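The values are calculated or read from the model by the stated rules, or taken from the named source; none is laboratory data. Just so it is clear, the model here is predicted, and its values are computed rather than measured. Because the Cβ atoms are built from the backbone with ideal geometry, glycine has one as well, and the counts that use them run over all protein chains shown. These accessible areas exclude ligands, DNA and RNA; they are computed on the full protein's heavy atoms, side chains included. Shrake-Rupley method; radii C 1.70, N 1.55, O 1.52, S 1.80 Å.
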Amino acid sequence: MLKNVLVYSDSLTWGIVPGTRERLDFDQRWPGVLENGLILDEHHVRVVEDCLNGRRTVLEDPFKAGRNGLEGLAQAIEKHSPLALVIIMLGNNDLQSMHTHTAWHVAQGIASLIDEVKNAPIEPGMPQPPILVVCPPVIQSPKGPIADKFVGAEEKAVGLAREMRNVAATKEVHFFDAATVTSTSPVDGVHLDADQHFALGRALVDVVDQILEKD
């Protein structure tokens, strides 16, 4: 039986090429690397991406509509069910300069997303999917066209992995810190280069392999 894995994320996963408005191919993005690795590991799996540039956890973007990650999440779960796993990787956009939130606030947003997944209106008899929270790599010295948007993000991000790990433990969901296997791109300090997507995707193969049951 085919197992669907939903990835709910932002531009780090959408695959924006740092310093450009271009997009990496699916096989270059970490969800593609993850899918290919799981297939090689004998899983009959499809990784479905729901990734929107600028998406926050539960915040509104004052300049661009539709970036509140809470809106539409339950419907995304419903649309793609049955799901074998939901992966959430969000948080960096909550640290943009127009927001005053700390790492603790970001983690509370993740908690709200976890609750939304657990309460999504799936069809009777379909399984409630396990959840994996992935903390994005640490923002470092934003550069280029996005620098003003992320000024001050480094300071606000201090302790983000710790706070997300605490929320994941409290909500009894899985957790992985992307910073343990990759940094952000030196080009813009926020997004991921192709080799960093590969490193993250390969690392998540082992993590997801332990969550999914083999066919």
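Which one is farthest from Glu155 (Cα to Cα) among residues in the stretch 62-100 that are under 14 Å from the mean Cα position of the chain (by Cα) and part of a helix (DSSP H, G or I)? Result: Leu73. Within the stretch 135-142, the presence of a residue that is among the small types (Gly, Ala, Ser), over 23 Å from Asp27 (Cβ atoms) and in a helix (DSSP H, G or I) is excluded. Scan the stretch 25-61 for residues that are among the polar types (S, T, N, Q) and either touching an Asp or Glu at 6+ places or on another chain (Cβ under 8 Å) or outside any loop (DSSP other than H, G, I, E, B) (or both) and jot them down. Passing the criteria: Asn36, Asn53, Thr57.
I'd like the residue in the stretch 101-134 that is farther than 16 Å from Ile77 by Cβ and either of a type in the set (Lys, Arg) or assigned to a loop (DSSP other than H, G, I, E, B) (or both) and, out of all such residues, is modelled with the lowest pLDDT. In this case the residue turns out to be His101.
Scanning the stretch 19-41 for residues that are open to solvent by less than 30 Å² (accessible area, probe 1.4 Å), touching a His at 6+ places or on another chain (Cβ under 6 Å), closer than 19 Å to Asp209 by Cα and among the aliphatic types (A, V, I, L, M) turns up nothing.
Among the residues of the stretch 116-146, just one is among the β-branched types (Val, Ile, Thr) and out of contact with any helix residue (DSSP H, G or I) (no Cβ under 8 Å at 6 or more places or on another chain), namely Ile146. Looking across the stretch 135-146, the residues that are at pLDDT 95 or above and within 19 Å of His101 (Cβ to Cβ) come down to Cys135, Pro136, Pro137, Ile139, Pro142, Ile146.
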